[in-house]
Amino acid sequence: MASTMLCTLCSLGGHLALVVRSTPSLIPLLSGNMRSFRTTTPYAEETQIPFSRYEELDNKWRKNMKYLDNKWRKANQLLSEQLRQESVNVQRIKNDALKVMDEKLRLEHNFNVSGALERIAFQACLERKIIDQGGVQKNLDALAAHQDFGKILKNEVANNMLVANDVERCVKC
């Protein structure tokens, strides 16, 4: 059976008291001098706790929470910095891989459309836009089936001042 707590701040005769009561009975219990509060649990008898003790425990809890919050923030900042550094390293590795690919194409004197398509397919696999299908044509087909392909194609047509009908006809072939 789940137990719930009812907390009430009561005022009687100019004195304040915090009354805490757990179910099954949700009727607040008032102490005689109103400088303490009572708790009742299903497992124990009703007890009176001085309000000053409650304030002491509350202050200790707040201090511990502040300590843990600061510790978490420092750890989070450290992890964020490490993640940023790893992202930079990954980008460097991708750039190096593209430079190696460019150098390979240059050494093979592959400066034609075929070499450009090979590089496009390689870059799409490197950026994980597609999964390597085991060949340039298969990778290009997978890239053409990608959801962002049409949007990218329209941007390239506009940026390079190409004729849209000619480009679309070439893509469909």
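The values are calculated or read from the model by the stated rules, or taken from the named source; none is laboratory data. Please read these numbers as outputs of a predicted model, since none were measured by experiment. With ideal geometry, Cβ positions are generated from the backbone for all residues, glycine too; neighbour counts draw on all protein chains shown. For the accessible areas, the whole protein counts, side chains as well, though only heavy atoms, and no ligand, DNA or RNA atoms are used. Shrake-Rupley method; radii C 1.70, N 1.55, O 1.52, S 1.80 Å.
The simple Förster model, with R0 at 25 Å and r as the Cβ-Cβ distance, assigns Leu126 and Lys74 a FRET efficiency of 0.10.
Restricting attention to the range 87-173, the count of lysine pairs at 8 or more positions apart or across chains with alpha carbons under 21 Å apart stands at 12.
Measuring r between the beta carbons of Lys104 and Ala164 and using R0 = 30 Å, the FRET efficiency lands at 0.40.
Let me know the volume per residue of the alpha-carbon convex hull for the range 76-173, in Å³.
138 Å³
Where the only charges are on Cβ atoms (+1 Lys, Arg; -1 Asp, Glu), what is the dipole of the range 75-126 about its Cα centre, to the nearest 20 debye?
60 debye
Could you work out what % of the accessible surface of the range 46-173 is carbon and sulfur, using a 1.4 angstrom probe and leaving DNA, RNA and ligands out of the count? Its accessible area is 56 percent carbon and sulfur atoms.
Taking every protein chain into account, the accessible area of the range 114-153 amounts to 66 square angstrom per residue (probe 1.4 Å). Computed on protein heavy atoms with a 1.4 Å probe, the accessible areas place His109, His146 in the order His109, His146, largest first.
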